[in-house]
Amino acid sequence: MFGNDSDFLLTLHRTHAAELRADAAADRLARSLSRPVSRRWLGRRRQVGRTDDVRR
């Protein structure tokens, strides 16, 4: 498939560069989207007052 090592290395470099560009594009897209409000149990637990905050 490859005539010599330089063809292989060039193809490997181009493939890796393309993967890096795709990763960077995915990261940019993820940062541009708004994050939904967390509705996990941990998020709800933070909203509840502490157990030692008993009103007297």
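Has the range 46-54 got at least one residue that is surrounded by fewer than 10 Cβ atoms within 10 Å (Cβ to Cβ), modelled with pLDDT of 65 or more, part of a helix (DSSP H, G or I) and charged (D, E, K, R)? Looking through the range 46-54, none of the residues is surrounded by fewer than 10 Cβ atoms within 10 Å (Cβ to Cβ), modelled with pLDDT of 65 or more, part of a helix (DSSP H, G or I) and charged (D, E, K, R). Taking (1) at pLDDT below 80; (2) open to solvent by 100 Å² or more (accessible area, probe 1.4 Å); (3) not aliphatic (A, V, I, L, M) in turn, Phe2 satisfies each apart from (2).
Does Arg31 count as modelled with pLDDT of 70 or more, charged (D, E, K, R) and open to solvent by 100 Å² or more (accessible area, probe 1.4 Å)? Spell out how you get there, then give the answer.
Numbers: modelled with pLDDT of 70 or more: yes; charged (D, E, K, R): yes; open to solvent by 100 Å² or more (accessible area, probe 1.4 Å): yes.
Judged against the criteria, Arg31 is a match.
The values are calculated or read from the model by the stated rules, or taken from the named source; none is laboratory data. This is a predicted model, so every value here is computed, not measured. Glycine also receives a Cβ, built like all others from the backbone with ideal geometry; neighbour counts cover every protein chain displayed. SASA here: full protein model, heavy atoms, side chains in, ligands and nucleic acids out. Shrake-Rupley method; radii C 1.70, N 1.55, O 1.52, S 1.80 Å.
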